[in-house]
Structures are given as structure tokens and as C-alpha cells.
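Working notes for the structure below.
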Amino acid sequence: NANLPECHIITISIISKRHLHETYDKHIICLKETSSWPGTTVDWVEREEDLLINFRRYMIALNRDVDTGWNCINFDWPYIFARIEYYLNKHTEFQEEKSEYYLRELDKCMYLGRTRMKSVCKQDEMGSVKTGRRKVYQLIHQSVIPMDGMLTAMRIGLIPKPESFSLN
């Protein structure tokens, strides 16, 4: 649950490739110091708020056209936005040290596209005869195309209808 204080994002990993370049840039932002990773830029931060702010700054600096991932639209992005909202509410309520700075910077985190329009992550429904109906999220970053490999595989029938299960 992203609204609980102890449910931190501890790592965000980004792999990017620029058009017409042969190499991939690997970048990891970690909460607290960890070991380094060969061939990867690793940033360590002390607070989760700083992790979210550094992630936003990196994504804007990439000036990307497409965001891709596996289940990123149904898990990663909603969780990131929920943690940003959690900290916006926390700093509004408690007014702790540096709250003004964090309120300003975290509010910017809600703008991940190229325009000054707020990014939106909202629930929707997807369905077909083959896969059944399923709640999914819709992600809108202005001027950036979101693509989710898992949703694409589900739409074309590569992944069968999801079934409920329990780990207990």
C-alpha cells in the first residue's frame, strides 16, 4: 500500500537509448547507499522524497519520446504517483524542516511530460473475449508515449486470462 509510511520506493532503475546511438545508458537511483553496479550510474539519496525528485529530473533531462516497461502502467507509475501524493500530503500536514522545498519539488514530479500539463494516471478497463475484463491504469504524459509490454502481450492474447491466487 503506497499510502503507508513504511512502503518506500527503494530503487528506480532506468535504461535509456537515444535515437541513432548504439549504447544504452543505465541509471539507478537508490534510497541509502548500496554497492555500485558495473557500467551503471548509481545515485544514492538519504530520503525517498529526494529519490522521487531525482527521478523526475533525470526523466525530464532525457527528453524522451517513449516510456516502456513491463507492467509499468499498472504498477510502477501508479505506485510512484501515489508516493508523490503521500509526501505532498505529509509535508502539507506536518510542515517539517525543508517542507517548503519538498512541496515545491514534489509538485513538479507530477509533471513528467514535455508540457506544463500534469501527468495523469487513472483507472480504466480493458477486455476481450480471449482475456476477459480487467482493471488497468491509463497513463498520460503530455508529448510522451507510454508503452507497457505486459498490456500489449495481453491485448494480443500472448498472456492468458489472469486468475486469482493467494500466496498463503
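The values are calculated or read from the model by the stated rules, or taken from the named source; none is laboratory data. Keep in mind that what you see is a predicted model, and the values were worked out from it rather than measured. Note: ideal-geometry Cβ built from the backbone for every residue, glycine included; neighbour counts use all protein chains shown. Please note that ligands, DNA and RNA were not included when accessible areas were found on the heavy atoms of the full protein model with its side chains. Shrake-Rupley method; radii C 1.70, N 1.55, O 1.52, S 1.80 Å.
Below are the figures for this structure:
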quantity: Filter pass, TYR102 being touching a helix residue (DSSP H, G or I) at 6+ places or on another chain (Cβ under 8 Å), within 18 Å of GLU6 (Cβ to Cβ), open to solvent by less than 50 Å² (accessible area, probe 1.4 Å) and not in a strand (DSSP E or B); calculated: no
quantity: Extreme residue, modelled with the lowest pLDDT, among residues of the range 127-141 that are surrounded by 13 or more Cβ atoms within 10 Å (Cβ to Cβ) and under 18 Å from ASP76 (Cα atoms); calculated: ARG134
quantity: Listing of strands (runs of 3 or more DSSP E) fully contained in the range 1-90 that carry 3 or more residues being open to solvent by less than 90 Å² (accessible area, probe 1.4 Å), under 20 Å from GLU105 (Cα atoms) and not hydroxyl-bearing (Ser, Thr, Tyr); calculated: 24-31
quantity: Complete set of residues in the range 100-123 that are modelled with pLDDT under 85 and within 16 Å of PHE81 (Cα to Cα); calculated: GLY113, VAL120, CYS121, LYS122, GLN123
quantity: ALA2, sole failed condition from (1) under 19 Å from the mean Cα position of the chain (by Cα); (2) modelled with pLDDT under 90; (3) under 20 Å from VAL144 (Cα atoms); calculated: (3)
quantity: Matching residues, the range 40-96, being touching a Phe, Trp or Tyr at 6+ places or on another chain (Cβ under 6 Å) and at pLDDT 90 or above; calculated: GLU49, PRO78
